[in-house]
1. Which distance in nm do the two modelled labels at Ala48 and Leu121 give, with both placed 7 Å along the Cα-to-Cβ direction?
2. For an R0 of 25 angstrom, estimate the FRET efficiency from the Cβ-Cβ distance between Thr94 and Arg61 and round to the nearest 0.05.
3. What spacing in nm lies between the two simple spin-label points modelled at Val145 and Ile130, each 7 Å away from Cα in the Cβ direction?
4. Can you flag which of Lys44/Lys137; Lys58/Lys117; Lys44/Lys117 are past 24 Å Cα-Cα?
5. Show me, for the range 45-55, the HN-Hα J-couplings you get by feeding each phi into the Karplus relation (A = 6.51, B = -1.76, C = 1.60, θ = phi - 60°), rounded to Hz, glycine and proline as x.
Amino acid sequence: MSAPKRGRRGAGRPLHSEAPNPVDIHVGARVRLRRTLLGMSQEKLGDALRLTFQQVQKYERGANRISASRLFDLSRVLDVPISFFFDDMSEATTAAAMSDDMCSTSADSSEPDPMAKRETLELVRAYYRIPDAAVRKRLFEMTKVLGKTGGDQPGAEA
């Protein structure tokens, strides 16, 4: 039997899996969401953090884990609290991250994160382009109501 592999690449991940940790994927998606909402390119974010845009890409995909100090820098540059990167994390993501068996298909193969979809980003951008705050609020309330009832209708697609 050979000795287990050691080194940076596999740190914190099961030896049998090259798949990114679900929490890293979620945090990366939140970085991408905020960067995109600010209209900032990966290159511009990389420059602000003294990184290459390729490194930013790896963070956003969850391929590379973001350290605590880098998360702090990201929160400063993107002007959000650190907790923003963990907001809206699904129970499935949390369960999959806590699981010893990251290869199981039960918890980590649920629906893709809607915050990572281009449609979501476009919707949020359009929402914030509405100049009248009262109109925005009414649209927000209407959307919440529709979201509660819309899932029951046949043919409803997210």
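1. Result for the modelled spin labels: 1.5 nm.
2. Numbers: r = 20 Å, r/R0 = 0.78.
Efficiency for this residue pair is about 0.80.
3. According to this spin-label approximation, the distance is 1.3 nm.
4. Values: Lys44/Lys137 32 Å; Lys58/Lys117 17 Å; Lys44/Lys117 21 Å.
Long pairs (Cα-Cα over 24 Å): Lys44/Lys137.
5. After applying 6.51 cos²θ - 1.76 cosθ + 1.60, I find 5, x, 4, 5, 9, 6, 10, 7, 5, 5, 5 Hz.
No lab work stands behind these numbers, since they all come straight from the coordinates. If you're wondering where the values come from, they're calculated on a predicted model, not measured in any experiment. Quick reminder, even Gly has a Cβ in these numbers, built from the backbone with ideal geometry, and neighbours come from all protein chains shown.
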